[in-house]
Structures are given as C-alpha cells and as structure tokens.
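Accompanying notes for the structure given below.
The values are calculated or read from the model by the stated rules, or taken from the named source; none is laboratory data. Keep in mind that what you see is a predicted model, and the values were worked out from it rather than measured. Because the Cβ atoms are built from the backbone with ideal geometry, glycine has one as well, and the counts that use them run over all protein chains shown. Protein only, heavy atoms only, side chains kept; ligands, DNA and RNA dropped before computing areas. Shrake-Rupley method; radii C 1.70, N 1.55, O 1.52, S 1.80 Å.
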Amino acid sequence: MSNKKFETLAIRTQSETTQFSEHSVPLYLTSGFVFDDAEEMRASFAEEKQRDLYSRYSNPNVNEFVDKVCLMEGAEAGFAFASGMAAVFSTFATLLDAGDHVVSCSSVFGATHGLFTKYFPKWNIECSYFNVNDVESAEGLIKPNTKFLYAETPTNPGVDVLDLDYLSALCKKHNILLVIDNCFATPYLQNPIKHGADLVIHSATKLMDGQGRVLGGITVGKAELIREIYLFSRLTGPSMSPFNAWVLSKSLETLAVRTEKHCENALKLATYLEAHPKVKWVKYPFLKSHPKYDIAKKQMRLGGNIVAFEVEGGIEGGRQFLDAIKMCSLSANLGDTRTIVTHPASTTHAKVEQEVKAAAGITDGMVRISVGLEHVNDIINDLEQALN
Ligand SMILES: Cc1ncc(COP(=O)(O)O)c(C=O)c1O
C-alpha cells in the first residue's frame, strides 16, 4: 500500500470491512470492546494480544485516522488527541521532566506560548525563544538539560518559514529531539520527518478537517517516542473521540484536492494584495518577496492557505478593516472552506507585550487571512472594498 501516491493512500487506507461489506467505513461509537474469556482479557491487557480494549486507548475509527496521517507524514507511529492543544500538551508532558529546558522558536501559537510561560515554570521547566528569522541563534540557547527544540513552520500568525534541514542538523549535533508543529502546512505540503524531525504535531481542527466542524490533534513520529506518549495519554485521557476521528478520516480523503485549491486561491490573493497601494507589506511563503522564499520552495509543495499583510493605520486601521469586511468571516479558526479574517494585535495578542509580539512577527496593522474555497474573485472583491 505504501508505494501508492498521497491521494490514493488518503482514500484507500481503511479499517477492515465488517460482515455487512460496507463501502464507507462505519462509525464505531463504543466506549469499550468485549473479550471472549478471562484469558483473552488478561492477554489483551498484558499487551500480548494487539486489539482494541477501551476507546480511551484506541478505537477502529481513531486507528484509521492515525494510520492515514502516519502514511502521509512518513511516520512510524502516532497517537490522536481531542484537539491540537491536547496533542501539544501531552507530547510535552511525556517528554519533559522537572528541571528540563526547551528551545522554541519565538513565534508559536498563543496557547503553546501560554504553556511555556504560565505552566512550565511551576513544574520547573524552562523555555528559551530564538528569533524565527535567525535560526542560527538557536544553537547558543541549547544547554545540557535541553530536551527538545520546538518550532512551527510556517508560523502562526506571522507566516514565517524556518529551515527544517538546518534545525534537524542542529538537533542531531546536540543530541536533542526536534518537534515540529506542522499544522499550517498539512502533511500534503510538508513532511518534517523527511527532513529529520523526531515528532510532528498537527491541529487536525484546521485544514485536515477543512470544514470547521470538529476539533482534533495528532502527534506522529518515532515509534519509541509515540509509545511513551501513548502510555501517558492512556492514563490521562486526552484521546480523540471516535466520531471526530470518523469525520477527520473522511476529510483526509479530500485533503490533497482541497489544499491545492486553497493554495491556488491564497497565491492569487497574496499577489493581488502585494500590488495594492494601501497594503504596506504582504507575507506568503510562495511570494518571491517572502524573506525565506527559497527555503519555503525547498521544503513545501505549495505555499499554504494563510496570508499575512499590513494595513495602514496601526491597531485602529486593522479594526476598521475588519469592520468593513462583508463576506469573509471574522472568526478565530483557520483552514475552513470559508475565508476567515483576523486581526491578532487587537484580539489573540491584545495582552501580549510589544517585544513578544515583535519577536512573533506581529505588527499593529497586521491582518491574517485564512484563504478559503470561495471563488477567488469574490474573496478579492470583499478585501478590495474593505481596503478602500
Ligand atoms: C499552529 C497551531 N498549533 C496548534 C493549535 C491548537 O489546535 P486546537 O485549536 O485544535 O487545539 C493551533 C490552533 O489554531 C495552531 O494554529
């Protein structure tokens, strides 16, 4: 099966057919599974027999989703979670001990930043940030107690791009793990494991679902690390629900075709915005003007669906722009069929100190667009009237 192409694997990787010979995989809404006798139950709990025991541990729908993402990412194993943040937190909690240190890129998703700054200190775990535009500076932050280097690429919301080959060589040199949040790229556009990452995390809530319906998360990578994450999660219960796994596994069947169109629309929109006199700058990985265009081209198939740009007038200009939007949605999500417009400086990052915002590439008039699947001319027309 694995010599097949991405689209085929996404569609043809399925749970075993039941006695009803269904074509579409059914939904296994069950909390537990039954055993023939005491011996089967003992052997299953002792892990001498591989089978589903309880849906906090595994479930056929969840297994199918995990198998697909592993094939897409080229990963040995994976574990699926109730949300992207459950994946991030459970991965960190598994890998880290009190007294450990993490090196992270300065621009990480707000909730991940909250873990580093609000909760890690109380467990005596320290985090040092390196500037996303200066990956070389990460090396100077590595200490004897550094467990892993963490990065998003492209970053949220700044759409900065980090060189995966450079980061993986650095981690190998210092014998630390490389953990990548690959949410913005999806496994269709970028495979960090092929560049040397040890673990890859996704919020499946975004383009994997692609229709703004369910939350989900997944961590994939080296089998021995996933085994530890599984043991932690089996006890603590952040697992993905069978229903969400069923929805998400079906969504993965169309990930390639949807992502192609998202990226086509995003590139057209970014090109349009770059030529607009009222737009100060535009950041999109596949625009030649992106500071890391060459790296984006090297490690990404296409540029993704997120475009960042700066309107005139700072915070107030950003707010006015959002108020003038007519068709696109003002919403906190991203990776939906519907185009979503956000203004980080007045919302998600309103309480963040200026220097932290600057390090994350967030400026006062910066607008983030999650480009959807509406006709691109309608998206452009909405932004055009709002800019004017
Ligand atoms: C890059 C990134 N990582 C993680 C998350 C968290 O995912 P979730 O909202 O599914 O918990 C998000 C959510 O926006 C994200 O953008």
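Applied to the range 193-203, the Karplus parametrisation 6.51 cos²θ - 1.76 cosθ + 1.60 on θ = phi - 60° returns per-residue 3J(HN,Hα) values of 5, 5, 9, x, 5, 8, 9, 10, 10, 10, 8 Hz, with x for Gly and Pro. FRET efficiency for the GLU228 to GLU374 pair, using the beta carbon distance and R₀ = 35 Å, is estimated at 0.25. Straight-line cross-link reach from LYS49 at under 16 Å between alpha-carbon atoms covers these aspartates and glutamates, not counting any fewer than eight positions away in the same chain: ASP36, ASP37, GLU39, GLU40. Calculated translational diffusion coefficient of the range 169-241 (37 °C, 0.692 mPa s; Stokes-Einstein with Kirkwood radius over alpha-carbon pairs) equals 244 µm²/s. Annotation: per residue accessible area for the chain equals 43 Å², rounded to a whole number [probe 1.4 Å, protein chains only]. Annotation for the range 44-67 versus the range 220-256: alpha-carbon center distance of 11 Å.
Summary of packing: across the peptides 190-197, 201-208, the per-residue average of other C-beta atoms within 10 Å ranks them, highest first, as 201-208, 190-197. Here the 3J(HN,Hα) profile of the range 377-387, calculated from phi with Karplus coefficients 6.51, -1.76 and 1.60 at θ = phi - 60°, is 5, 5, 5, 4, 4, 5, 5, 4, 5, 6, 5 Hz, Gly and Pro shown as x. Between LYS268 and ALA46, the FRET efficiency from the beta-carbon distance, with R0 = 51 Å, is close to 0.35.
Residues whose amide H falls under 5 Å from that of ALA204, counting only those 5 or more places apart or on a different chain, are GLY84, GLY216, GLY217, ILE218, with hydrogens built in the peptide plane. For LEU178, nonlocal amide neighbours, meaning residues 5 or more places apart or on other chains whose placed amide H falls under 5 Å from its own, are LEU149, ASP198, LEU199.
Extension gain, GLU384 to ALA358: 0.36 nm times the residue separation minus the Cα-Cα distance gives 6.6 nm. Spatially close Lys pairs in the range 253-339, defined by Cα atoms under 14 Å apart and a spacing of eight or more places or different chains, total 5. Compared with the alpha-carbon gap, the fully stretched path from ASP165 to ARG12 is longer by 52.0 nm at 0.36 nm per residue. Computed on the chain, with alpha-carbon pairs under 8 angstrom and 6+ residues apart, the relative contact order is 18 percent.
How high is the relative contact order of the range 68-141, given as a whole-number percent (alpha carbon pairs under 8 Å, six or more residues apart)? Relative contact order for the range 68-141 comes out at 28 percent.
What FRET efficiency comes out for LYS173 versus ALA275 if R0 is 41 angstrom and r is the Cβ-Cβ distance? Round to the nearest 0.05. Here the calculated transfer efficiency is 0.45. A full extension of the chain between LYS4 and GLN320 corresponds to an added length of 108.9 nm, given 0.36 nm per residue minus the alpha carbon distance. At the listed q of 0.07, 0.10 Å⁻¹, the Debye profile of the chain, built from one uniform point per Cα, gives log10 I(q)/I(0) equal to -0.32, -0.65.
Amide H contacts for VAL132 (H built 1.01 Å from N in the peptide plane; partners 5 or more residues away or on another chain; cut-off under 5 Å): SER106, SER107. Using just its DSSP H runs of length 4 or more, each adding -39500 (n - 2.57), the chain gives a mean residue ellipticity at 222 nm of -11000 deg cm²/dmol after division by all residues.
Looking at the range 292-346, I'd like the Rg to Rh ratio, where Rg is from alpha-carbon atoms and Rh is Kirkwood's inverse mean 1/r. Can you show the working numbers first?
Working: Rg = 13.8 Å, Rh = 13.1 Å.
Reported Rg/Rh, Kirkwood definition of Rh: 1.05.
Scoring 280-291, 133-144, 236-247, 38-49 by mean Cβ neighbours within 10 Å over their residues and listing the highest first yields 236-247, 280-291, 133-144, 38-49.
Note that the range 107-121 has calculated 3J(HN,Hα) couplings of 9, 10, 3, x, 5, 5, 4, x, 4, 4, 8, 9, 9, 4, x Hz, one per residue in order, obtained from phi through the Karplus relation 6.51 cos²θ - 1.76 cosθ + 1.60 (θ = phi - 60°); glycine and proline are x. Expressed as a whole percent, the accessible area of the chain that falls on carbon and sulfur atoms is 54 (1.4 Å probe).
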